[in-house]
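First the structure, in the form of structure tokens, and then the observations on it.
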Amino acid sequence: MGGNFGDEGKGKIIDLIMEHYELTVRFSGGANAGHTVKTPKGVKIVSHLIPCGLAQNKTCVLGRGELIDLRLFAEELRDAKKILKNKIPQIWLDEMSPVWTPWHALLEAWLELNLGKKKVGTTGKGIGPLEGLHVLRISPVLGQVLGNKKELLASLEILYNALLPILKELEAITNHQPINRRATLSPSPNPSHDREGNKPLRIKIPTPKEVAGELIKYQKLIKNKVIDTGYLLSQNVKAGKRMLFEGSQAMGLDNHFGTYPFVTSGNTVAAGASLGTGLPMEVFNSTIMVAKILPTRVGAGPFISEMWERKKAMAFAKEHLNLFKESSDREKFLSAMLKKINSGKASRAEMSQYFQVLGDERGATTGRGRSLGFLDIPWLHYACRINRPKFLALTRFDMLSKIKSIPVVVAYKYQGKILPPGKLPPPWAMGQVQPIFEQWQCFKEDISGINSENHLPTSARQFISRLENRLEVPILLVGTGPGREDIIVRSGQI
């Protein structure tokens, strides 16, 4: 599971250890989560719904806690078949998983529109409404798509009638003013609406019969894939099968323990694996928490160690596309910024820009930049308290290559007092937290691609040990680049 706010590189860690497991299981989230992995032959696969074990031909289970968009599942499966030349492993979906409809995404568009400046900054996939309306007991589930058509239609009519006043209001509003395109991408909007959201969007509200017809189209695709996955998993536990459970999003986005309301809608903490699969907690024998050396965040929400203003950081990548491509401009920019950082003259904004370009920190789908923060030990203490990981995986450690020293957040000061490790104020008060920094020595060498701890410079090993001692959790894996082989497995940690 992720220890920050997402984009920690969980897919890479899953990819590394997947060969030791027989099944791979997703237990939460939906099409708003994306993991990038590679096949043993190095071919890239981007998965959103299907677990990452797909790339290594492992049995894939989409647990009951996962939210299913059948259109995107079909697309993902089709693309995977092309890449894997039809060598697709067994894929199971749960009969009680909530099913996406266009109304869910339209409701999310209405919510974001009404929140205005306080909007969450969602992916626009309708995930929050899908989870929320399921909890309200008025959303269809996957098994109904394979059942009696009249019963499916009756279930859809209940949802439709509940949402109709809101949908009609959204329809009226969008006839007169622009609406954020991202928030309405999923319902297949009028193509006249441009990519930047500058034109009014004409909303067409599908009827229950139309939605039922669309869902039924996927019956053949899922007919032999929908089961009670909890029972399947329990049988595999009895048989002694090794199973890897893949977390989506991250600690900071958990609906209960993250920075509410700027969170996702499910359980992204380690305990979510039990809730999202129906397996008792005692069957889970270890958790690996993945943390980025420089955490990142997109959308809205508190980020105590943040280097630069969120909106400016998110806009930077789109405004300076030339810096995110291999070019002389990029090399000159990085060289000049590195010199400025090591001289102590760089502003926080310039440090953010340097690391954003160096690590290509931008969304693969949206292209928007990710806002960076400094290594934040108090936040990781909190994440460790909630998840109690057996091991940590530290990713993109190579980002500190050639850096003389860097600020590290070592404590939080709140209401005049230093908070004890593992304690945070409520999310609405996080803006009042004063981060306490120490300057930690980095390393002048470039460690990119190193895959043996013995080959790291002494200062890099000291940095890892210092962090490990502060967190009191073994750091088992250290990423030294984006590549498949750019990883160190530290000896003596297991």
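The values are calculated or read from the model by the stated rules, or taken from the named source; none is laboratory data. From a predicted model like this one, the values you see are computed outputs, not experimental measurements. Neighbour counts are summed over all protein chains in view; Cβ atoms, including those assigned to glycine, are modelled from backbone coordinates with ideal geometry.
In table form, for the structure just shown:
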read-out: Any hit, segment 463-475, residues being surrounded by fewer than 20 Cβ atoms within 10 Å (Cβ to Cβ), hydroxyl-bearing (Ser, Thr, Tyr) and not in a helix (DSSP H, G or I); value: no
read-out: Residue within segment 9-21 that is small (Gly, Ala, Ser), surrounded by fewer than 24 Cβ atoms within 10 Å (Cβ to Cβ), at negative phi and assigned to a helix (DSSP H, G or I) present; value: yes
read-out: Cβ pairs under 7 Å, 6+ apart, first in segment 402-415 and outside the structural domain of Tyr354 (by TED's automatic domain parsing), second assigned to a loop (DSSP other than H, G, I, E, B) and among the basic types (Lys, Arg); value: Lys402/Lys444
read-out: So Gly278, is it in contact with a Lys or Arg (Cβ under 7 Å, 6 or more places away or on another chain) and either under 27 Å from Ile17 (Cβ atoms) or at pLDDT 95 or above (or both); value: yes
read-out: Qualifying residue in segment 461-483 (condition: closer than 25 Å to Gly344 by Cα, in contact with a strand residue (DSSP E or B) (Cβ under 6 Å, 6 or more places away or on another chain) and without any contact (Cβ under 8 Å) to a residue 40 or more places away in the chain); value: no
read-out: Residue check, Leu201 surrounded by 16 or more Cβ atoms within 10 Å (Cβ to Cβ), at pLDDT 95 or above and more than 15 Å from Gly63 (Cβ to Cβ); value: no
read-out: Matching residues in segment 347-359 - criterion: being assigned to a loop (DSSP other than H, G, I, E, B) and under 19 Å from Asp446 (Cβ atoms); value: Gly359
read-out: Contacts under 7 angstrom Cβ, first residue in segment 146-161 being over 11 Å from Ile216 (Cα atoms) and assigned by TED's automatic domain parsing to the domain that holds Pro208, partner modelled with pLDDT under 95 and among the acidic types (Asp, Glu), 6 or more apart; value: none
read-out: Residue that is nearest to Leu70 (Cα to Cα), among those in segment 102-152 that are among the basic types (Lys, Arg) and either at pLDDT below 90 or surrounded by 23 or more Cβ atoms within 10 Å (Cβ to Cβ) (or both); value: Lys125
read-out: Where a residue in segment 117-144 is assigned by TED's automatic domain parsing to the domain that holds Tyr260 and its partner, wherever it lies, is of a type in the set (Gly, Ala, Ser) and modelled with pLDDT of 95 or more, with Cβ under 8 Å and at least six apart; value: none
read-out: Residue tally, condition closer than 17 Å to Arg362 by Cβ and either of a type in the set (A, V, I, L, M) or surrounded by fewer than 19 Cβ atoms within 10 Å (Cβ to Cβ) (or both), over segment 274-298; value: 2
read-out: Segments classed as helices (runs of 4 or more DSSP H), wholly inside segment 252-345, with at least 3 members that are in contact with a strand residue (DSSP E or B) (Cβ under 8 Å, 6 or more places away or on another chain); value: 310-319, 328-342
read-out: Total residues in segment 385-433, condition hydrophobic (A, V, I, L, M, F, W, C), assigned to a strand (DSSP E or B) and farther than 27 Å from Glu350 by Cα; value: 4
read-out: Filter pass, Thr296 being out of contact with any Pro (no Cβ under 7 Å at 6 or more places or on another chain), assigned by TED's automatic domain parsing to the domain that holds Leu232, hydroxyl-bearing (Ser, Thr, Tyr) and under 27 Å from Pro51 (Cα atoms); value: no
read-out: Matching entry among Gly481, Gly492 (being outside any helix (DSSP H, G or I), closer than 14 Å to Arg396 by Cβ, modelled with pLDDT under 95 and not basic (Lys, Arg)); value: Gly481
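Table: residues versus (1) at negative phi; (2) within 24 Å of the chain's Cα centre (by Cα); (3) among the aliphatic types (A, V, I, L, M).
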{"position": "Ala105", "(1), (2), (3)": "yes, yes, yes"}
{"position": "Val141", "(1), (2), (3)": "yes, yes, yes"}
{"position": "Gly147", "(1), (2), (3)": "yes, no, no"}
{"position": "Ile166", "(1), (2), (3)": "yes, no, yes"}
